[in-house]
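Step one of this worksheet: look at the structure below.
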Amino acid sequence: MRNIDDRNRLLLCILNICKDVLGRLPKVVGIDVVEMALWAKENTPSVSTQKNLEDGPVAATVTETELKVTVEKELVSQAEEEDMEALLDTYVMGIGEAEAFSERLKRELLALEAANVHAILESEPLIDEVLQGLEAATNCVDDMDEWLGIFNVKLRHMREDIESIETRNNKLEMQSVNNKTLLVELDKLLERLHIPSEYAASLTGGSFDEARMLQNIEACEWLTGALRGLETPNFDPNYAKMRAVKEKRAELEKLKSTFVRRASEFLRNYFANLVDFMISDKTFFSQRGQLKRPDHADLRYKCRTYARLLQHLKSLDKNCLGPLRKAYCISLNLLLRREAREFANELRASTKASKNPTVWLEASTGSGQNTNAADTSTVSDAYAKMLTIFIPLLVDESSFFAHFMCFEVPALVAPGGHVNGSKPAYDNGDANDDDLGIMDIDENDSKNGKNSAELAALNDSLQDLLDGIQEDFYAVVEWAYKIDPLRCISMHGITERYLSGQKADAAGFVRLLLGDLESRISLQFGRFVDEACHQIERNERNVRQMGVLSYIPRFAILATRMEQYIQGQSRDLVDQAYTKFVSIMFVTLEKISQTDPKYADMFLLENYAAFQNSLYDLANIVPTLAKFYHQASEAYEQASTRHITVIIYSQFERLFQFARRIEDLMYTLAPEEIPFQLGLSKMDLRKMLKSSVSGVDKNIGVMYKKLQKNLTSEELLPSLWDKCKKEFLVKYESFAQLVAKIYPTETIPSVVEMRELLASM
């Protein structure tokens, strides 16, 4: 084992020497170190070692090379392996000649190194030449480096010069482009700031004749566009501070103010002259024997010529419209008032109607005074004609004014449309009088909707336009009232119908006019109702009143006539009058009845019966009168009951007083004890029956005569007598029951006998 270890150490030493030599010389006589390493690996034996552990010795097999040497495990080619084998074959040595082999290898290594040194010494001249060449090359390189440095400096300066030239060229090119753009913009600006001479002439001194209106409109459109073009949204804010722009804007403003002033002055004079011409011509108005319907077709045609001009004036200076609207309203107001006055005067003069008295319920007048009142329908027809002619005219004038004067409010009526869907009386075929034939300049005008400020301004202007015309309507109402106060009912219904047709905001004044007319008519009718109520109250002055009061049948006639006059919504007006009339009538009736209490019930029942009889037919169709009819019926029943009771007690007072005493004692005493009370004995009963029941037919006859004596309405007697007999039988039957209960042994005439007796009379 020791010899094997020595051999292995020798081999490892040889391998290290070979590796060292071959590391410095890539090949030494064809030997490859890798082959030797592989050979050593294949010939290395295994060595067993033992380790003493706690549990006992454990055998482990390891190679010696693992303990001493680590061989690089690099793969070698086949050729290298063959060279190593050939090298080993040249040396035929035993295993014991390792030291000799090592010595031989050292000698060969030293010889090889000496040969290398000799070769180097022999090549010294060549090395000197190489060094001289290297030195010359180094000098050339230094010169080249110096030249390149000089060239680099020159190139850097040239590059900087080129960049400077390019920068200046770019700036000049940009400046050239900017100058061209600036020239284009300045040309555009000069074009926008240029004022054409023909427009300047039209704006400062042109005529406003109809033939020249097209040029004026074109000048206005240009001026409007020029002013809007200088405003911020349409104009570059950078230009706004330029002196030329400021001067041009001032020049345009001066042109605008000059044109607005000239146009406003012309239109004010034009409106006044146009209306003065129509007022001076009497053929435009109603004349004696001829009612003239107002015709404003020519007026509107001439105004439409300047409608477009007004819209441009509004866009140029909205404040200028106020004076123009005022001037138009003042001028046209004179024309409308003159037309209404002449028409109303001729309408009243041409209407023939007999005057009806205003006294309907006066006690001193004859009973048949108002039964055949004259027909006054022509009066309400005249009023209706006044409204038919002028209300649509005023509505259309309001609509035309709102559109013509550029109010931003909804249209009152569609072009050619009319109130209540009917053609107005004054329409002479021009169905598009209100269509100005123009479009809004400002597209937003049609989208603004209702503008409260504009609407308020429009209503103020309409007040100026139509104010004063209501006086002629009031005069017609007063005239109709004086002829027949009841015609207020018809006029109220006519007015209400027109009032319900006014729905557009632009007709505000027309609604106010109709509302005032309705109030005036209601006031006049209220005067009539109050006077009639005073006539009813004057009946109280007659201290002694008998029979039916005169105002009761007259009220039935009045109510019948009032029902004939009702039109449309005048029912409330009439019902209010009925309520006031009947309330005063019933109150007055009660007051008069108190003057003579003895005949009060007879007086009341006759009058309440007359009220029911006279209003029977009307009460079936008029709910308000039906309510008072039932109220009168209840009052009649109460009065008749009281009157009949008085008559019955006047003839049979002892009989029914005896019965009443018995009824009072029955609350405290037993029935069998009552005959023993003072004044209620059987003897007292017989005496009372002898004085009351004996000759009962005579007493009943007297009762009939008393009922008939003071009754002025004979038609009421049968019903009152029947009621009287029924009341008597009811009271007598109650008495008979008491007698049968308290005095069972006494005999009295039976109820059947008494009923037969009453039936025979």
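Below is a table of values for the structure above.
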item	result
Å² per residue, accessible surface of region 103-204 at 1.4 Å	84
Per residue convex hull volume, Cα atoms of region 637-761, in Å³	105
Restraint check, Lys355/Lys580; Lys690/Lys726; Lys705/Lys725, Cα-Cα greater than 18 Å	Lys355/Lys580; Lys690/Lys726
Mean Cβ neighbour count within 10 Å, used as a protection proxy, ranking 681-693, 551-563, 523-535, 662-674 highest first	551-563, 523-535, 681-693, 662-674
Residue-span extension gain [Asp143 to Glu218] - 0.36 nm each, minus C-alpha spacing	18.2 nm
Under 13 Å from the Arg654 label point (7 Å along Cα→beta-carbon), backbone N, region 684-710	684-696
Anisotropy class of region 108-149 from Cα gyration tensor, a/c 1.5 cut	prolate
If the convex hull is drawn through the Cα atoms of region 117-180, its volume per residue in Å³	86
Long pairs among Lys292/Lys326; Lys598/Lys731; Lys302/Lys352; Lys180/Lys254, criterion Cα-Cα beyond 31 Å	Lys302/Lys352; Lys180/Lys254
Potential extension, Ala211-Val646 segment - 0.36 nm per residue separation minus Cα distance	146.6 nm
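The values are calculated or read from the model by the stated rules, or taken from the named source; none is laboratory data. Computed from a predicted model, the values in this text were never measured in an experiment. Ideal geometry is used to build each Cβ from the backbone, glycine not excepted, and the neighbour counts take in all protein chains shown. We work out accessible area using only protein heavy atoms, side chains counted, and drop any ligands, DNA or RNA first. Shrake-Rupley method; radii C 1.70, N 1.55, O 1.52, S 1.80 Å.
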